[in-house]
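Worksheet: the structure to be examined is printed underneath.
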Amino acid sequence: MDSLLPLCSPSEPGTGDLHLVLCPFAGGSASAFRSWRDLQPDGLQVSLAVYPGRDHRMSEPCASSIEELADQVLVAIRTQKIDYQQLVIGGHSMGAQVAYEVCARLEQQGTTPHGLVLSGCHAPHLQGRRLISHLEDRAFLEQLVAIGGSAQELLNEPGLWPVFMPMLRADFRATESYGLPQALAADRQLQTPALLIYGSADQEAWNSEVDAWKSWLCDAKGPVAIAGDHFYATRRPRAFLEHIRRRFELDFAHMPTCACK
């Protein structure tokens, strides 16, 4: 089943458009990105990675790890035959972990995508400050509300918990168990040009924690700030996409291999 959902595209698509494959946050589904369908970003086509256990993949078993999600997203990219020279892999929060692993797999196989976007997520050698996957259902949902998600409605409807809790718990177990060692040798850092983004009022991933991704990347710019809390990516999509366009459109003509020092 296709796990890439078209979100938006330029009003006048062109052969040189970039294709952003966006990996969403834990619990993220197409409904969170509903407002993106009205956007027509210049030079940028956007597809959303739909994880198992939600939307049209509701009947599929949830993934148990970030690595499993990355494998599925990579298969979807190949199935759609997206040109790697136009491919920008992006992710927000848990999705940044997925995007990093997708990019790492491509590089291991000899392919460098055009760009990588890591948004609202601490570097993989750091641990999140709000660990919630072990909590009982109500306390778990109360923490989601505190983060700023749309779980308030779900918190008030216990009859819906059996439908949504398996997906939410699987996502948070996956993201909270993901981690990598402290440092990489320079020749093992990802070569793909990257953009780091954080929210100005985000209490889940501070500027310094997002900046720490530079230990894993050869060519990273940012972090750039977007006004808002942890869900700035869904609440300010125009600003989010504009930062991506600015970072990657100008060097589209060539993709140099950076010399790490």
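Hey, got the dipole for segment 87-159? About the Cα centre, +1 on K and R Cβ, -1 on D and E Cβ, debye to the nearest 20?
Charge dipole, segment 87-159, about its Cα centre: 280 debye, nearest 20.
What's the magnitude of the charge dipole for segment 128-174 around its Cα centre, counting Lys and Arg as +1 and Asp and Glu as -1 at the beta-carbon? Answer in Debye, nearest 20.
So the dipole magnitude of segment 128-174 works out to roughly 260 debye.
What's the angle, to the nearest 10 degrees (0 to 90), between helix 161-177's Cα axis and the longest principal axis of the chain?
With both axes taken from Cα atoms, the answer is about 50 degrees.
Are there GluC sites (Glu not before Pro) in segment 124-208 that DSSP marks as loop and that have at most 12 other Cβ atoms within 10 Å, and which are they?
In loop regions of segment 124-208 (DSSP not H, G, I, E or B), the sparsely surrounded GluC sites (Glu not before Pro) are E136.
Kindly rank 193-200, 26-33 from highest to lowest mean number of other beta carbons found within 10 Å of each residue.
The most tightly packed comes first, giving 193-200, 26-33.
Could you give the angle, 0 to 90 degrees to the nearest 10, between helix 237-248's Cα long axis and the longest principal axis of the Cα atoms of the chain?
Helix 237-248 and the main axis of the chain meet at about 30 degrees.
Quick one: Cα centre-to-centre distance for segment 89-105 and segment 60-86, in angstrom?
When both Cα centres are located, 10 Å separates them.
Give me E101, E67 sorted ascending by neighbouring Cβ count inside 10 Å, so fewest comes first.
Details: E101 25, E67 16.
The order, fewest Cβ neighbours first, is E67, E101.
Give me the dipole magnitude in Debye, nearest 20, for segment 100-215 about the Cα centre, with unit charges on the beta carbon: positive for Lys and Arg, negative for Asp and Glu.
280 debye
Going highest first, how would you order 46-54, 34-42 by mean Cβ packing within 10 Å?
Ranking, from highest mean packing down: 46-54, 34-42.
Decide, for the chain, between rounded, prolate and oblate: order the square roots of the alpha carbon gyration tensor eigenvalues as a ≥ b ≥ c, take rounded if a/c falls under 1.5, and otherwise choose prolate if a/b is larger than b/c, else oblate.
Here the chain falls in the prolate category.
Indicate the gyration tensor shape class of segment 57-126 (rounded, prolate or oblate), computed on the Cα atoms with a ≥ b ≥ c the square roots of the eigenvalues: a/c under 1.5 is rounded; otherwise a/b larger than b/c is prolate and the rest oblate.
Oblate.
Calculated from DSSP H runs of 4 or more alone, at -39500 (n - 2.57) each and per residue, what is the 222 nm mean residue ellipticity of the chain, nearest 500?
-9500 deg cm²/dmol
For segment 109-175 and segment 4-29, what is the separation of their C-alpha centers, rounded to whole Å?
After rounding, the separation between the Cα centres reads 22 Å.
In degrees between 0 and 90, to the nearest 10, how far off the longest principal axis of the chain does helix 137-147 point, with axes built from Cα atoms?
40 degrees
Which of the peptides 82-91, 213-222 is most tightly packed, and how do the rest follow, judged by the mean count of other Cβ atoms within 10 Å per residue?
The densest-packed peptide leads the list: 82-91, 213-222.
Taken together, the values in this text are just the output of simple stated rules run on the coordinates, not laboratory data. Keep in mind it's a predicted model, so treat the numbers as computed, not measured. Reconstructed Cβ throughout: ideal geometry from the backbone, glycine too, with neighbour counts over all protein chains shown.
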